[in-house]
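Novice: Dropping a structure here in structure tokens format, bear with me for questions.
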Amino acid sequence: ALGGGDPALVGVLLPAAAFAANYAGLRVSARAQVLLVGLLAVLLVVAIAANVPHVAPDDFQPFAPNGWLAVGHAAVVLFFAFSGWEAAGNLADEFGDPRRATRRTLVVVAVLYLGLAVTTAGTTSNVPLADLLGRAFGPSARPVVAVAAALLTFGAINTYLAGGARLGGRHGLTGLLVLCGVLTAVTLRLHVELDTLMRVASTALAAVTAAGLAAAVTLLRSRSAAFALACTTLVPAFSGVLLAVPLVIAVAAPAIARVGRRVSARVSARAGSAVRAGRSSS
């Protein structure tokens, strides 16, 4: 979007920056995340405000033109937009007041998401966010779109690195890496298309969210969690055969995690032995 540069270089720099932020510590990573998400939120608010006058009621007619079943199938893909909550869950114990933080985040996300949904549906477009920002920023929209894309990407990578590190620390990082490697190899070997990959990811995310909500119902006896569980369970129900992916992962993950813990324990034991041997010789 900036009119130059190597996409592969950008693809290396973004994860490298996220690794550096997480290596510096969770506080540094969190501050960078808050700063970047705040900037992104400002961009989206400006885009929504600039496009509200262009919303046309006719663009909302006919309502659900492909029937209600199509809404369910679309929800499978749209669930990808809500990914990240399951990664943030691994960081819950880092918050002083997780309940308050979650409520504030839900309000911000709801306002931004509904604002984008209404302006996108009410202003016909092939590239919604780019066109929304184009109306807001005019000729300078291209670099703004590039900045927004970079912020979105970095924010996701940063959160998943932080959450994944803690998940691996609890359940065996070696096993987690093996599972990720197997899934990546299968994806590359089968030449999975982006549409299918997003549907698989969305199905897995919906399954993880449903499992978390089921735990909330059991532990908290929450009616809101029960209602959310009922709604979320409908999403993977529309995934069809793709539902087999999270089921296979659910079966394989505990076994791989056990292997990972054993490998980590052996590596730690060998490292301890080497240290003791070095002290003895010295």
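Novice: So residue 98 fits all but one of (1) in contact (Cβ under 8 Å) with a residue 60 or more places away in the chain; (2) under 28 Å from residue 224 (Cβ atoms); (3) not small (Gly, Ala, Ser); what number is the exception?
Specialist: Unmet for residue 98, out of (1) in contact (Cβ under 8 Å) with a residue 60 or more places away in the chain; (2) under 28 Å from residue 224 (Cβ atoms); (3) not small (Gly, Ala, Ser): (1).
Novice: A follow-up question, please. Can you find even one residue in the range 35-56 that is surrounded by 10 or more Cβ atoms within 10 Å (Cβ to Cβ) and modelled with pLDDT under 80?
Specialist: Step one: of the range 35-56, the residues surrounded by 10 or more Cβ atoms within 10 Å (Cβ to Cβ) are 35-52, 54-56.
With the extra rule that they be modelled with pLDDT under 80, the set shrinks to none.
No, because not a single residue in the range 35-56 is surrounded by 10 or more Cβ atoms within 10 Å (Cβ to Cβ) and modelled with pLDDT under 80.
Novice: Same structure again: Just the residues that are surrounded by 14 or more Cβ atoms within 10 Å (Cβ to Cβ) and either outside any loop (DSSP other than H, G, I, E, B) or touching a Cys at 6+ places or on another chain (Cβ under 6 Å) (or both), please, taken from the range 79-93. First the steps, then the outcome.
Specialist: Taking the range 79-93 first, the residues surrounded by 14 or more Cβ atoms within 10 Å (Cβ to Cβ) are 79-80, 82-91.
Hits for the range 79-93 are 79, 80, 82, 85, 86, 87, 88, 89.
Novice: Kindly indicate which of 242, 229, 197, 219 is open to solvent by 80 Å² or more (accessible area, probe 1.4 Å) and either touching a Leu at 6+ places or on another chain (Cβ under 6 Å) or in a helix (DSSP H, G or I) (or both). Break it down stepwise before answering.
Specialist: On the way: 242 fails: open to solvent by 80 Å² or more (accessible area, probe 1.4 Å); 229 fails: open to solvent by 80 Å² or more (accessible area, probe 1.4 Å); 197 fails: open to solvent by 80 Å² or more (accessible area, probe 1.4 Å).
Going through 242, 229, 197, 219 in turn, just one is open to solvent by 80 Å² or more (accessible area, probe 1.4 Å) and either touching a Leu at 6+ places or on another chain (Cβ under 6 Å) or in a helix (DSSP H, G or I) (or both): 219.
Novice: Out of the residues in the range 31-64 meeting the condition of being small (Gly, Ala, Ser), in contact (Cβ under 8 Å) with a residue 40 or more places away in the chain and part of a helix (DSSP H, G or I), tell me which one is nearest to residue 149 (Cα to Cα). Spell out how you get there, then give the answer.
Specialist: Start the filter on the range 31-64 by keeping residues that are small (Gly, Ala, Ser), which leaves 32, 38, 41, 47, 49-50, 56, 64.
With the extra rule that they be in contact (Cβ under 8 Å) with a residue 40 or more places away in the chain, the set shrinks to 32, 41, 47, 49-50, 56.
Still in the running and part of a helix (DSSP H, G or I): 32, 41, 47, 49-50.
Numbers: 32: 16, 41: 12, 47: 14, 49: 19, 50: 19 Å.
Result: 41.
Novice: Which of (1) in a helix (DSSP H, G or I); (2) more than 17 Å from the chain's Cα centre (by Cα) does residue 5 not meet, given it meets every other one?
Specialist: (1)
Novice: Within the range 7-27, how many residues are over 21 Å from residue 130 (Cβ atoms), open to solvent by 70 Å² or more (accessible area, probe 1.4 Å) and at pLDDT below 80?
Specialist: Initially, the range 7-27 is screened for residues over 21 Å from residue 130 (Cβ atoms), giving 8-9, 12-13, 15-27.
Those still in the list that are open to solvent by 70 Å² or more (accessible area, probe 1.4 Å) too: 9, 12-13, 19, 23, 27.
Pick out the ones that are also at pLDDT below 80 and you get 27.
Residues that pass the stated criteria total 1.
Novice: Hey, among the residues in the range 113-153 that are assigned to a loop (DSSP other than H, G, I, E, B) and within 24 Å of the chain's Cα centre (by Cα), which one's nearest to residue 18 (Cα to Cα)?
Specialist: Among residues in the range 113-153 that are assigned to a loop (DSSP other than H, G, I, E, B) and within 24 Å of the chain's Cα centre (by Cα), the one nearest to residue 18 (Cα to Cα) is 127.
Novice: Does residue 101 satisfy the condition of being open to solvent by less than 70 Å² (accessible area, probe 1.4 Å) and more than 16 Å from the chain's Cα centre (by Cα)?
Specialist: Numbers: open to solvent by less than 70 Å² (accessible area, probe 1.4 Å): yes; more than 16 Å from the chain's Cα centre (by Cα): yes.
Answer is yes for this residue.
The values are calculated or read from the model by the stated rules, or taken from the named source; none is laboratory data. The model shown is predicted, which means the values in this text are computed figures rather than measured ones. Cβ sites come from the backbone with ideal geometry, for glycine too, and all protein chains shown count toward neighbours. Calculation scope for accessible area: heavy atoms of the full protein, side chains included, ligands and nucleic acids excluded. Shrake-Rupley method; radii C 1.70, N 1.55, O 1.52, S 1.80 Å.
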